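Okay, structure first, notes after.
The values are calculated or read from the model by the stated rules, or taken from the named source; none is laboratory data. Every value quoted in this text rests on a predicted model; they were computed, and no experiment measured them. Every residue, glycine as well, gets a Cβ built from its backbone with ideal geometry; the counts of neighbours run over all protein chains shown.
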């Protein structure tokens, strides 16, 4: 695809059909785009304007058969596994993020609203205080799913 093609053009070429729920741009550290935002140009400026990033260039399309809470939990598990443990915000934050998402998925312990507030607090701490990009972006996909997709409404 030429640089600047739209997300919709790419998904059409890939054979993505009806039932699209969301697209994760930029991989696990990226952000979600809603199905009604397929006119987003795949440029640095276009994705930034849409509130996401090209990141690593990964484009993952999801339909309604994919449970977003489980997907977000898998992303959180990835970041927990990948954290080197050097800095506290990432070492502890990725674990707390995963724990909150487990509670939401399993519907035990704290209610979703309390865990979403915790996720926001932990996410801000990781973004602001982590030493490297892993900790700074570990909350991106979760945040965008909550804010843009209403993942837990």
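Quick notes
- Any hit, region 43-51, residues being in contact with a helix residue (DSSP H, G or I) (Cβ under 8 Å, 6 or more places away or on another chain) and either over 18 Å from residue 149 (Cβ atoms) or not assigned by TED's automatic domain parsing to the domain that holds residue 123 (or both): yes
- The residues of region 17-34 that are crowded, with 19+ Cβ neighbours inside 10 Å and touching a strand residue (DSSP E or B) at 6+ places or on another chain (Cβ under 9 Å), listed by number, are 22, 23, 24, 25, 26, 27, 30, 31, 32, 33.
- Residue tally, condition touching a residue at least 60 places away in the same chain (Cβ under 8 Å) and farther than 29 Å from residue 3 by Cα, over region 69-109: 2
- Residue match in region 66-79 (condition: touching a helix residue (DSSP H, G or I) at 6+ places or on another chain (Cβ under 8 Å), outside the structural domain of residue 104 (by TED's automatic domain parsing) and farther than 22 Å from residue 150 by Cβ): no
- Residue 138 vs. criteria touching a helix residue (DSSP H, G or I) at 6+ places or on another chain (Cβ under 9 Å), assigned by TED's automatic domain parsing to the domain that holds residue 86 and on the phi < 0 side of the Ramachandran plot: yes
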